[in-house]
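First up is the structure itself, then whatever we jot down about it.
The values are calculated or read from the model by the stated rules, or taken from the named source; none is laboratory data. Note that the coordinates shown come from a computational prediction; the quantities given were computed from them, not determined experimentally. Using ideal geometry, Cβ is built from the backbone for each residue, glycine included, and neighbour counts are taken over all protein chains shown.
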Amino acid sequence: MKWLTSRYVFPLAVITLIISLCLQCAWIRQLYLAQKKSVATMLESIVSDASRQITYKSIAKGHEKSARFQQFFLSQEWLALRQAFDELKVDNLRSRFHYGITNDSSVVEMKMSFLNDAKLKFDHKSSAITDGKSQREVSLQDQRDLKVMDSLVNHKLDQLGMPIRRNYALYDYSDGKLVKGKPITNASSAFVSGKYTYNLKFQNRYQLVVPSITWLIIYQMKYYLISSFMMLVLTAAAFYLLIRLMKNQQLYAQARMSFTSNMTHELQTPISTIAVALESISKYHLIDEPEKLENYINISRHELQRLQAMIEKVLKQEQMDLGKTKLQFSLFDVQPVLQQVIYAMDIQVQEKNAELILLQSDEPVFIKGDVMHISNVCYNLIDNALKYSPPHAKIEVSCSIADHELTISFKDNGPGINEIYQQQVFERFFRIFNQDNIHNVKGSGLGLHYVKQVVELHGGRVALQSKIGKGSNFMIILPMYEEN
């Protein structure tokens, strides 16, 4: 699937996310509409239940615990009958409700009457039950029942989990005119309940008005919204990781191809040199000239050693990546190891006319680690400094101790490393290009990666300080050995 590259995956991921977002929005919209109906039904139920409870208390005063009273006056059928009785409003129709309770029985009476002559009018106010009380006493009782009704509705609304702005309107029971509250319009109110009586005095009817239920609906949908958001985030994260993985794989493949090409040239050079030396020995009969013969043999030996060193570097890196490298830990002083490495690199230093200085510590610096691998780490860092520094370079190697940690510093006055590459230089096969996308210095791109792996296996870390034109300072930080 060559077509499935990061070039096509990115737009495909964007299109998929847009489609997913559109589908999620359509699903959420349908869910919002369904939840809106559910919330309206719930609010209606709150007002209806409050009306039923308040009315029941006014009817069954002193008989609240009676099973028969509860079975009848708290039933849905009674509520539907009462609501239908209250809603029946026809011209010249007078409805009258009456109930009586004795010790042995209760009587509920609903009476409706209308005038045959359309010119005559009933006095609707006379339909209200006063039970011998004055109109003032009935009004005061009505106000108390209204407060209880509104308090019960507010209590139920507060239990929904979030604050809701609400108010109520009162309508005259007889003629249905607005008694209290503002005129209700669709623009000003998101929910308007039905009109419910809250006692048997037939004074007014209560209606709940909620200006906005949007946030209540969103609150009811919170788990669906969170799950939808998480799904989108996880989908985006999956595509991001996929694109990043493909990009890294592509970079890795390019780096591996570059590594193969570089190593081919690196291996070809000593082989060609040895071939030329052997051909010269045979062609010019250098066996008769011992000095030239020895010189050509030394050149061949040096190239063979270089060839062997390159092969060993690749093999060691392969073993390190496969986890087959077993470190041989022992207690040793780092400074003699540094001296030995510097002495072994004397020829390379002289070829570059460089200056390699070891700033020794006054006291021994002991760590517990693998001497061979630590030596290779130091060799790689000094070799890198020599490769990338100009002629007559100055390289300083020093040791310092702080917070029970040893820092070995390799500081040079070379060209420095751009900040954008300072993390990548420790990646396998990575090498810095110049402005023309060409490697100025030959190499495999394995040295610094090997350094980082070895140091981390010793429980340490690698740090780099560098600025363009001001050289670089590679630091390996290792834990000091401490006796228990």
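A few remarks follow.
- Only residues that are buried (at least 19 other Cβ atoms within 10 Å of the Cβ), more than 21 Å from Lys387 (Cα to Cα) and within 33 Å of the chain's Cα centre (by Cα) were counted across the stretch 454-476, and they come to 2.
- Residue ID - modelled with the highest pLDDT, chosen from residues in the stretch 68-91 that are under 29 Å from Lys177 (Cβ atoms) and outside any helix (DSSP H, G or I): Leu88
- Of the criteria (1) at pLDDT 85 or above; (2) assigned by TED's automatic domain parsing to the domain that holds Val47, which one Ser228 fails: (2)
- Considering Leu43, Leu81, Leu33, the condition of being more than 27 Å from Val107 (Cα to Cα), touching a strand residue (DSSP E or B) at 6+ places or on another chain (Cβ under 9 Å) and in the same structural domain as Asn154 (by TED's automatic domain parsing) is satisfied by Leu43 alone.
- Among the residues of the stretch 281-295, those identified as modelled with pLDDT of 80 or more and either within 21 Å of Ala344 (Cα to Cα) or surrounded by 11 or more Cβ atoms within 10 Å (Cβ to Cβ) (or both) are Ile281, Glu289, Lys292, Leu293, Glu294, Asn295.
- Test for Ile420: is it over 20 Å from Val341 (Cα atoms) and either in a strand (DSSP E or B) or within 43 Å of the chain's Cα centre (by Cα) (or both): yes
- Tyr168 being assigned by TED's automatic domain parsing to the domain that holds Leu81 and assigned to a strand (DSSP E or B): yes
- Options Lys394, Lys368, Lys352: the member that is over 21 Å from Val455 (Cβ atoms) and in contact with a His (Cβ under 9 Å, 6 or more places away or on another chain): Lys352
- Within the stretch 210-245, the set of residues being part of a helix (DSSP H, G or I) and within 18 Å of Leu160 (Cβ to Cβ) comprises Thr214, Trp215, Leu216, Ile217, Ile218, Tyr219, Gln220, Lys222, Tyr223, Tyr224, Leu225.
- Among the conditions (1) modelled with pLDDT of 65 or more; (2) surrounded by 16 or more Cβ atoms within 10 Å (Cβ to Cβ), the only one that Ala255 does not satisfy is (1).
- The stretch 149-163, residues that are surrounded by 17 or more Cβ atoms within 10 Å (Cβ to Cβ) and of a type in the set (A, V, I, L, M): Met149, Leu152, Val153, Leu157
- Some residue of the stretch 197-205 being surrounded by 15 or more Cβ atoms within 10 Å (Cβ to Cβ), assigned by TED's automatic domain parsing to the domain that holds Phe73, over 18 Å from Val138 (Cα atoms) and not aromatic (Phe, Trp, Tyr): no
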